Amino acid sequence: MKPHLKQWRQRILFGIFVWGLLFLAIFIYFTNSNPAAPVPSSFSFLENRGLLPVQGKQRAIMGALQEPSLPRSLEASKALLGSHPASPFHSGPGDPQKWDQSQEGFDNGEEFFSSQVGRKSQSAFYPEEDGYFFAAGQPGWHRHTQDTLGLPSPGEPSRRAGPAQHKREKFHRARRSRVPEEVYDGDMLSASMSRAFLYRLWKGTVSSKMLNPRLQKAMRYYMSFNKHGVRFRGRREARRSGPELLCELRRRVRVRTLDGKEPPFSALGWRPLVPGVPLSQLHPRGLRSCAVVMSAGAILNSSLGEEIDSHDAVLRFNSAPTRGFEKDVGNKTTVRIINSQILANPSHHFIDSSLYKDVILVAWDPAPYSANLNLWYKKPDYNLFTPYIQHRRRHPTQPFYILHPKFIWQLWDIIQENTREKIQPNPPSSGFIGILIMMSMCREVHVYEYIPSVRQTELCHYHELYYDAACTLGAYHPLLYEKLLVQRLNMGTQADLHHKGKVVLPGFQALRCPVTSPNNTYS
């Protein structure tokens, strides 16, 4: 019996030892965590799940990692933004003229960016083969990046406010006091580099090599995953001048929406459901001047509202409100582009919110690169088709369109053809889509805070408390490359770009382009 008792005693001691090690590991893990840092969400796959292709229904903006908090009030937004917390771009209020005086120091990328990570980061540049496809197995069907976070807007309080919501608001108010110190982590660009990066963005000389490691990691993930099955066979070059590129856009870009004539929509009776007048013909004579107002947090404290409202038409995005923000963003809304999550997610109140009334609505949803409508209808990123039918039957006179996937992927092809690097194989952002739509409808387009001004902040949206550099530079969308393309097209002044974040683009109707033969075109 004694040897048996001895062996049993050893097993007990070994079990206690194992449990002790496990307890110690758990204790060290939680004590090393920052209690004030935002808690990772279930969709924080880039850091916490080894880049697994798992994306929940409440996707963050362009691959962002922090959990969004409830929207704050107007006063809190402006007070927090006015403090200018440190960010990858904003090192405090500054005069762009002083930045220009320091341009000699910015010209050498090695000097400013080689020490960004403390180690050599992986390049986002690829060999210059002319034809390629993103090999990543079968494309998955996961939720596309949203431009809104499924939260009620500040101008429209929740209709379901109760004790639970008040508790959540109290929790988030407690978190807000710690945001300026804790929200920016160590792998972001330091303040000394922010001026250089923003200056280079204004000049169009940035590249993905200059992004922080987290965004580079996200971009590499999307490159390898290729959920939309992109197979690009064109040429990649960035040699066209601004005027040449404008004429190329005029020749190729044709705004196209679902017309109900193609299967499966023709068999489903969509022909009488869609508007009788195509989107491109709503204003046959064209509009004189139009404004495209981004939802970026940098537009706060801009006092651009009066200038924005002076345009003949104003385009806004998703659930971006005007109430309470009129001084900075204006009050007029003519067109509103909405992604499919706005229609599918009940928290956006698409059916009954005043944001979506008395305006031209343009919805879109990522489809396969092949633009296979049957496959897209069976597996949309978000089911926008059912809400669209319901809305059209309730409001048959309101112009409401769904963009054709071929139009969206045509824009992606144009971005890739005019970029030397390989870009993310995901659709362009709503911002870029909106710019091209308005260029086809207006003689002149003023775009606000697409390319950031000196007010640049990591606050994603002016109406929501959510911080992420991906909102400006992109992770899911090829946003960095879109902005470099728009920067090449800019006909406005550098002063307007620096102080207002304003880009001036000629509409296609105002361009005078040489006639090219059919053989002298790009595929």
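The values are calculated or read from the model by the stated rules, or taken from the named source; none is laboratory data. The shown structure was predicted, so the numbers you read here are calculated from the model rather than taken from an experiment. Note: ideal-geometry Cβ built from the backbone for every residue, glycine included; neighbour counts use all protein chains shown. Each accessible area value is taken on the protein alone, full model and side chains, heavy atoms only, with ligands, DNA and RNA left out. Shrake-Rupley method; radii C 1.70, N 1.55, O 1.52, S 1.80 Å.
Which percent of the accessible area of segment 273-324 is formed by carbon and sulfur heavy atoms (probe 1.4 angstrom)?
Answer for segment 273-324: carbon and sulfur cover 47 percent of the accessible area.
Taking amide H as placed 1.01 Å from N in the peptide plane, His461 has its amide H under 5 Å from the amide H of Gly297, Tyr466, each at least 5 places away in sequence or on another chain.
Backbone geometry of segment 491-503 corresponds, through the Karplus equation with coefficients 6.51, -1.76 and 1.60 at θ = phi - 60°, to 3J(HN,Hα) couplings of 9, x, 8, 5, 5, 5, 5, 5, 8, 9, x, 9, 10 Hz, x marking Gly and Pro.
Positive end of the dipole of segment 195-506 (Cβ unit charges, origin at the Cα centre): among Tyr221, Val486, Ser353, the Cα lying farthest that way belongs to Tyr221. Counting only Cβ charges, +1 for Lys and Arg and -1 for Asp and Glu, the dipole size of segment 320-407 around its Cα centre is about 220 debye. Separation of the alpha carbons by more than 20 angstrom is noted, of Lys217/Lys378; Lys217/Lys422; Lys406/Lys502, for Lys217/Lys378; Lys406/Lys502. Here the peptides 385-396, 479-490 are ranked by packing, the mean other Cβ count within 10 Å, and the order with the highest first is 479-490, 385-396. Residues whose amide H falls under 5 Å from that of Arg288, counting only those 5 or more places apart or on a different chain, are Arg443, with hydrogens built in the peptide plane. As a rough guide to protection, the peptides 293-304, 439-450, 206-217, 366-377 ranked by mean Cβ packing within 10 Å, highest first, stand as 439-450, 293-304, 206-217, 366-377.
Converting phi to 3J(HN,Hα) with the Karplus coefficients 6.51, -1.76 and 1.60 and the offset θ = phi - 60°, segment 296-311 yields 4, x, 5, 6, 5, 6, 8, 6, 9, x, 5, 5, 4, 5, 6, 6 Hz in sequence order, with x at every glycine or proline. When the alpha-carbon atoms of segment 195-506 are used, the pair Rg, Dmax equals 18.7, 56 angstrom. Where the centre of each part is set by its Cα atoms, how far does segment 428-497 sit from segment 343-376, in angstrom? Using only Cα atoms, the two centres lie 21 Å from each other. Atom-type composition of the exposed protein surface of segment 343-415 places 51 percent of the accessible area on carbon and sulfur (1.4 angstrom probe). Using the Karplus relation 6.51 cos²θ - 1.76 cosθ + 1.60 with θ = phi - 60°, the per-residue 3J(HN,Hα) values for segment 255-262 come to 4, 10, 10, 5, 10, x, 8, 9 Hz, with x marking Gly and Pro. Solvent-accessible area assigned to carbon and sulfur over segment 416-487 amounts to 44 percent, based on a 1.4 Å probe. Calculated accessible area for segment 195-506 comes out at 32 Å² per residue, all protein chains present (probe 1.4 Å; ligands, DNA, RNA ignored).
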